[in-house]
């Protein structure tokens with residue numbers, strides 16, 4: 001469905017208990033602001049942080065950005081309150097809930113059921129989407145099952161730091177993307193990146209890459225973005241405002257891709273009107289998967305243009 005084709009080139013995570021950081025995020029040209037209730041919020045501040053999340057959803061001008069927040073993991077005593085307290089008060093203003101450290105499809109199904117009950121009780125018809133963060137070896141093994149776990153699910157996110165820890169991977173310097181890997185002959189994360197992207201795309205979901213840890217290394221960031229974009233990723237998490245421009249550039253479709261997608265969509269509509277069962281562009285047959293990709297790129301490009309014109 002078209003509503004799940006959200007702009008997700010750049011996603012910034014902001015501790016919900018840090019008011020100055022939250023306010024700053026709204027001034028950045030990111031596609032997604034994720035208000036964080038998980039790792040960045042101390043135990044004793046969880047309750048107050050939920051209230052701040054509700055206030056941000058209800059009172060801030062999000063200026064077309066995707067409105068999201070991250071709950072605590074489903075294996076904690078905080079997750080159910082993160083859902084109930086925030087969604088009951090601000091559900092009409094929420095686009096997506098990010099679920100961390102997902103190890104099993106049942107976690108996403110449980111949240112789906114809970115959200116459905118809240119929406120029925122509150123009389124809401126607008127469905128909140130979900131994003132599942134894959135951050136462990138167990139979660140990666142079940143990425144395919146997780147990807148098909150709920151019609152609410154829109155995205156799989158790669159959590160590189162916790163994934164590395166779950167595999168007890170050697171680290172020298174910054175963990176995850178940005179770690180200097182002279183000790184390894186290749187890219188250590190190519191396999192999980194490819195595996196997770198395959199699961200996401202098989203289910204028609206977006207795939208989002210983990211952040212690049214060294215914000216003082218713009219060329220390393222660009223290489224990291226190009227690598228994951230080449231594997232089918234749609235965007236990347238941001239840890240510093242200086243990273244936003246490069247990330248947005250790399251994950252924006254090229255003019256060549258946009259033009260080809262436009263031609264495929266137009267030819268597809270003409271073929272439907274003519275009752276034709278096959279479609280060819282430039283002498284090459286176009287299958288159903290190519291048409292879906294073309295439609296996705298076209299929708300994304302229109303939203304990028306709309307964002308640029310509104311800024």
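The conditions are (1) modelled with pLDDT under 85; (2) closer than 21 Å to residue 222 by Cα, and residue 239 fails exactly one of them. Which is it?
The failed condition is (1).
Just wondering, is there one or more residues in segment 11-32 that are surrounded by 24 or more Cβ atoms within 10 Å (Cβ to Cβ) and over 26 Å from residue 158 (Cβ atoms)?
no
If you take the residues of segment 20-51 that are in contact with a helix residue (DSSP H, G or I) (Cβ under 7 Å, 6 or more places away or on another chain) and without any contact (Cβ under 8 Å) to a residue 40 or more places away in the chain, which of them is farthest from residue 237 (Cα to Cα)?
50
For residues that are within 16 Å of residue 79 (Cβ to Cβ) and in a strand (DSSP E or B), scanning just segment 131-150, find the one that is nearest to the chain's Cα centre (by Cα).
It comes out as 131.
Here are the criteria: (1) modelled with pLDDT under 95; (2) touching a helix residue (DSSP H, G or I) at 6+ places or on another chain (Cβ under 7 Å). Tell me which single one residue 129 does not satisfy.
It is condition (1) that residue 129 fails.
In segment 114-130, how many are without any contact (Cβ under 8 Å) to a residue 24 or more places away in the chain and closer than 18 Å to residue 72 by Cβ?
0
The values are calculated or read from the model by the stated rules, or taken from the named source; none is laboratory data. It should be emphasised that the depicted structure is a prediction, and the values quoted were computed from it without experimental measurement. Note: ideal-geometry Cβ built from the backbone for every residue, glycine included; neighbour counts use all protein chains shown.
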